[in-house]
1. Residues of segment 66-77 being surrounded by fewer than 16 Cβ atoms within 10 Å (Cβ to Cβ) and assigned to a helix (DSSP H, G or I), which ones?
2. Taking residue 187 as the residue in question, decide whether it is among the β-branched types (Val, Ile, Thr), touching a residue at least 12 places away in the same chain (Cβ under 8 Å) and in a loop (DSSP other than H, G, I, E, B).
3. Could you tell me which of the residues 235, 155, 258 is in the same structural domain as residue 76 (by TED's automatic domain parsing), away from the ligand (no atom under 15 Å from the Cβ), surrounded by fewer than 19 Cβ atoms within 10 Å (Cβ to Cβ) and at negative phi?
4. Which of the residues belonging to segment 17-45 are among the aliphatic types (A, V, I, L, M), in a helix (DSSP H, G or I) and either away from the ligand (no atom under 15 Å from the Cβ) or over 22 Å from the mean Cα position of the chain (by Cα) (or both)?
5. When you scan segment 51-65, how many residues do you find that are more than 8 Å from the ligand (Cβ to nearest atom) and either touching a residue at least 40 places away in the same chain (Cβ under 8 Å) or closer than 27 Å to residue 90 by Cβ (or both)?
6. Run down 14, 48 and say which single residue is within 14 Å of the ligand (Cβ to nearest atom) and among the basic types (Lys, Arg).
7. Which residue is farthest from residue 182 (Cα to Cα), if the candidates are limited to segment 102-116 and must be surrounded by fewer than 22 Cβ atoms within 10 Å (Cβ to Cβ) and touching a residue at least 24 places away in the same chain (Cβ under 8 Å)?
8. Right, residue 81: assigned to a helix (DSSP H, G or I), of a type in the set (Asp, Glu) and free of Cβ contacts under 8 Å to residues at least 12 places away in the same chain or not?
Amino acid sequence: MGKEIKRYPEALTRAFTQAAEMIVAASGRVVCLTGAGVSVDSGIPAFRGSQGLWDRYDPLEYAEIDNFRRNPEKVWGMLAEMLIVVERAVPNQTHKTLAEFEEKGWLQAVITQNVDGLHQAAGARRVIEFHGTSRNLVCLECDWSWPRFSLVDSRMPPRCRRCNAILKPDVVFFGEQIPRPALLEATAAAEQARVMLVVGTSANVHPAAEMPVLTKKAGGRVIEINLEPTPLSGRVADLTILGPAAIGLSEIMQICERIAGHG
Ligand code: APR
């Protein structure tokens, strides 16, 4: 099959059918890489693209570890805004459909760049948190770590109860390493996958964006669902479906069920 970029609505049914056929043929060896786009319907803004967080905040100033160390109060201004939104967010259709794919045995794991915990809240069981989690706070001075208390009404910036240093959410900033267990697990999952489903990520940030490349190099196929083309489109991706993830995944799920005789 050639590399194709399909735009809603012209080749809609064919693209969804192709995706469903690849997923069913993979006999459960499907892994999904997700990005901020899957949580936009839950009210959490993406980083890039129109109304992205990085339109308002310079990522080098606000998401870079040395700058956090230099001026944590300033970075916490942005973090508090973001984390209060995350705290109130609930899973949307995309999280739920992916959890259903796993439940039905078609999806092995989700590798997510998101730190919001919404895949797990939707019922997903195997979630590899590539960029950490906002559930915990860590102290950069004494390494203490504990679950994040509610940020609504709490004093900003939050301080370590042991040494009083300013805390950092347990998320990966630019300039920090990907947590080793997550990197190893994601790499192995990507290499073993027959199909990598890439959903709602601009595929600009490495090494996350290399996961589909690993699948491809190991002989697997890559299906991408995103609002706009990414560096994977037409190169690494065998099929790129341009459109909202929620609709795309629900349609693909229905076709998978028909093909497998469940629906
Ligand atoms: N359906 C499908 N795609 C969507 C939707 C939607 N409903 N809404 C937005 N998108 C797409 C956007 O078009 C964009 O290409 O999701 C993508 C989100 O890209 P980014 O904002 O760059 O998010 P992500 O790829 O997860 O960013 C990677 O960058 O700043 C860091 O650590 C941060 O984990 C993050 C990393």
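1. Of segment 66-77, the ones surrounded by fewer than 16 Cβ atoms within 10 Å (Cβ to Cβ) are 66, 69-71, 73-74, 77.
Hits for segment 66-77 are 66, 69, 70, 73, 74, 77.
2. Numbers: among the β-branched types (Val, Ile, Thr): yes; touching a residue at least 12 places away in the same chain (Cβ under 8 Å): yes; in a loop (DSSP other than H, G, I, E, B): no.
Considered against the rule, which asks whether it is among the β-branched types (Val, Ile, Thr), touching a residue at least 12 places away in the same chain (Cβ under 8 Å) and in a loop (DSSP other than H, G, I, E, B), residue 187 comes out as no.
3. Numbers: 235 fails: in the same structural domain as residue 76 (by TED's automatic domain parsing); 258 fails: in the same structural domain as residue 76 (by TED's automatic domain parsing).
After applying the criteria, what remains is 155.
4. 20, 22, 23, 24, 25
5. Total meeting the criteria: 8.
6. So the residue among 14, 48 that is within 14 Å of the ligand (Cβ to nearest atom) and among the basic types (Lys, Arg) is 48.
7. Of segment 102-116, the ones surrounded by fewer than 22 Cβ atoms within 10 Å (Cβ to Cβ) are 103-105, 108.
When the remaining residues are screened for being touching a residue at least 24 places away in the same chain (Cβ under 8 Å), the result is 104-105, 108.
Values: 104: 24, 105: 22, 108: 15 Å.
Per the criteria, the residue is 104.
8. Values: assigned to a helix (DSSP H, G or I): yes; of a type in the set (Asp, Glu): yes; free of Cβ contacts under 8 Å to residues at least 12 places away in the same chain: yes.
Criteria met by residue 81.
The values are calculated or read from the model by the stated rules, or taken from the named source; none is laboratory data. Predicted model only: the values in this text are computed from it and were never measured. So basically every Cβ, Gly included, is an ideal-geometry build from the backbone, and we count neighbours across all protein chains shown.
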